[in-house]
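**Student:** Quick one: the structure is below, questions incoming.
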Amino acid sequence: NMAEARFVAAVENIAGQLRKRNPASFDGWRLDGIVKLARKDAAGATDSFARVEAARQRDPALALPWLDALQMAGKPDAAKRLAEETIEKHPQADAVYDALYALLVREKRFEEAEAVLRRKLEKRGGEARPHLQLAEFYARQGREADAEAALRTMMAKLKSALAYGLAAEFYAVRGEFARAEAILQAGMQAGVDRPTLQGKLAWLRREAGDL
């Protein structure tokens, strides 16, 4: 639409100004690549991203749009290599793990997708979301026992209201309200942030139609 076209033109102007001041401008070429990507010029976008890559050592801010450009150009294996190299240099780059995981799922390369989630979990296992992602992956694959094990690991390792709450939501959205409530009750019995879990339990019972 017109508003989007004007926005893209404005970004293109900014990119041009940055490159005019500094022909090797990282942001100038990154924005230029994003503009080309918005215009479905995958080859041009890839060229722009490649111009600044060496200076930033697989910068995650550059990798994400570059991944989109490579996929648009029909080069999933090149996109996979780019993501893996970026993760190697920036192991905390959650968004790059997620982009690589999504790419592999679209390609139906499920074993590789699982390996990416496990690799992310090794680096970010102190947070709840990677555990939940792994559980959701297993559930979509019909691996219910593995999904349950991933959630139990999350709760045992983190011992937080967030972990118990997410595990309860996992089952609640599937209509397994009794199982979700059992998780919240177990958390309270374990002494995990009782007020927060009580609030979650009230929410759960409303969702289940008990209140």
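**Student:** If eta is 1.306 mPa s and T is 10 °C, what Stokes-Einstein diffusion coefficient results for the chain, Kirkwood Rh from Cα pairs, in µm²/s?
**Tutor:** In µm²/s, the coefficient is 81.
**Student:** Quote the relative contact order of the chain in percent (integer), defining contacts as alpha-carbon pairs under 8 Å separated by 6+ residues.
**Tutor:** Dividing the mean separation by the residue count of the chain yields 9 percent.
**Student:** Put +1 on the Cβ of every Lys and Arg and -1 on every Asp and Glu Cβ in the chain; which of Leu162, Tyr97, Ala10 then has its Cα farthest towards the positive end of the dipole?
**Tutor:** Going by the charge dipole, the pick is Ala10.
**Student:** Also: Thinking of the stretch 137-211 as a set of Cα atoms, what percent of all their pairs are more than 18 Å apart?
**Tutor:** 35 percent
**Student:** Using the heavy atoms of the protein chains alone and a 1.4 angstrom probe, what is the accessible area of the chain per residue in square angstrom?
**Tutor:** Accessible surface, normalised per residue, equals 54 Å².
**Student:** Let me make sure I get this right: for the stretch 99-162, a, b and c are the square roots of the gyration tensor eigenvalues over alpha carbons, sorted descending. Under 1.5 in a/c it's rounded, otherwise prolate if a/b > b/c, else oblate. Which is it?
**Tutor:** oblate
**Student:** Considering the Cα trace of the stretch 8-115, what is its radius of gyration and what is Dmax, both in angstroms?
**Tutor:** 14.1, 47
**Student:** How big is Rg to Rh over the stretch 125-172, alpha-carbon atoms, Rh as the Kirkwood inverse-mean-distance radius? Walk me through the numbers on the way to the answer.
**Tutor:** On the way: Rg = 9.5 Å, Rh = 10.2 Å.
That ratio equals 0.93.
**Student:** So what is Rg over Rh here for the stretch 67-129, counting just Cα atoms and using Kirkwood for Rh?
**Tutor:** That ratio equals 0.97.
**Student:** Next question. Report D for the stretch 28-88 in µm² per second (integer): Stokes-Einstein, Kirkwood Rh on Cα pairs, 4 °C, 1.567 mPa s.
**Tutor:** Answer, rounded: 118 µm²/s.
**Student:** Could I ask something else about it? Give the carbon-plus-sulfur fraction of the accessible surface of the chain in %, rounded to a whole number; probe 1.4 Å, heavy atoms of protein chains only.
**Tutor:** 52 percent
**Student:** How charged is the neighbourhood of Asp193? Take every other residue with its Cβ under 12 Å from the Cβ of Asp193, and add Lys/Arg as +1 and Asp/Glu as -1.
**Tutor:** Local charge sum for Asp193: +3.
The values are calculated or read from the model by the stated rules, or taken from the named source; none is laboratory data. On a predicted model such as this, the values are computed, not experimentally measured, just so you know. As a convention, Cβ positions derive from the backbone with ideal geometry for all residues, glycine included, and neighbour counts pool all protein chains shown. Heads up: the accessible areas ignore ligands, DNA and RNA and are worked out on the full protein's heavy atoms, side chains in. Shrake-Rupley method; radii C 1.70, N 1.55, O 1.52, S 1.80 Å.
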